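These notes concern the structure reproduced below.
The values are calculated or read from the model by the stated rules, or taken from the named source; none is laboratory data. As the structure is a computational prediction, the values presented were derived from the model and not from experiment. Cβ: placed from backbone, ideal geometry, glycine included. Neighbour counts: every protein chain shown.
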Amino acid sequence: FILKFYKFFLNCSFISYDDIQDKAILRDGIPVTHSVHGLSCTISATNYVQLIAFEKAFELHPVAAKILTEQLLEFHRGQGMDMYWKKNLKCPTDNDYQIMAERKAGWLIKLMTKLMKLFSTCEIDLSSLLNLMGYYYQIHNDYSNLCICRILE
């Protein structure tokens, strides 16, 4: 149950943050949460979900809250890089974009994997694969946003 919670609710929570910060109107052709429920309700709900996630992490395993904190910080670092470039009209280098993507889009898959490894004997280092998955997800997301913008024009 806890992994399903993290996968669904935390993902929705941080997608809502991303949509607010990007001033998005649609995500995958569907109106974004804050355009339906308002900014204050969306922010309140996302904060609530994060606090529930920490509560569940403490119940899950003594190290789980530390892992959750690390991955949430990674998301915010990646989000901050993305917002900085947009606000200052700067084009990132390929390497900087990859770092941002691994942080912003890879955090959830890394969180899920690290939480599962708490209860596993698996010692395989999956970080390269997980970073690549985050990188490709971010490319897909950015490309989809560009396509939606063209359709709306």
Query - helices (runs of 4 or more DSSP H) (entirely within region 1-106) containing at least 3 residues that are surrounded by fewer than 19 Cβ atoms within 10 Å (Cβ to Cβ) and of a type in the set (A, V, I, L, M, F, W, C) - result: 2-5, 11-22, 39-60, 64-87
**Report entry** Which listed residue is closer than 19 Å to residue 140 by Cα, under 15 Å from the mean Cα position of the chain (by Cα) and among the aliphatic types (A, V, I, L, M), from 30, 25, 15
**Finding:** 15
Requested in this report: Taking only region 115-131 into account, find how many residues are in a helix (DSSP H, G or I) and either of a type in the set (S, T, N, Q) or modelled with pLDDT under 95 (or both).
Outcome: 6
Report task. Report yes if residue 81 is under 23 Å from residue 22 (Cα atoms) and aliphatic (A, V, I, L, M), otherwise no. Result -> yes
Query - Pick from region 118-147, criterion more than 29 Å from residue 58 (Cα to Cα), loosely packed, with under 14 Cβ neighbours inside 10 Å and hydroxyl-bearing (Ser, Thr, Tyr), ranking: farthest from the chain's Cα centre (by Cα) - result: 143
**Report entry** Selection count where residues are within 17 Å of residue 63 (Cβ to Cβ) and out of contact with any helix residue (DSSP H, G or I) (no Cβ under 8 Å at 6 or more places or on another chain), scope region 95-117
**Finding:** 1
Query raised in the report: Taking only pairs six or more apart or across chains, which ones have beta-carbon atoms under 6 Å, a first residue in region 25-54 that is under 18 Å from residue 9 (Cα atoms), and a second residue that is outside any helix (DSSP H, G or I)?
Result: 32/24
Report task. All but one of (1) over 21 Å from residue 9 (Cα atoms); (2) touching a residue at least 60 places away in the same chain (Cβ under 8 Å); (3) crowded, with 18+ Cβ neighbours inside 10 Å hold for residue 115, so report the exception by its number. Result -> (1)
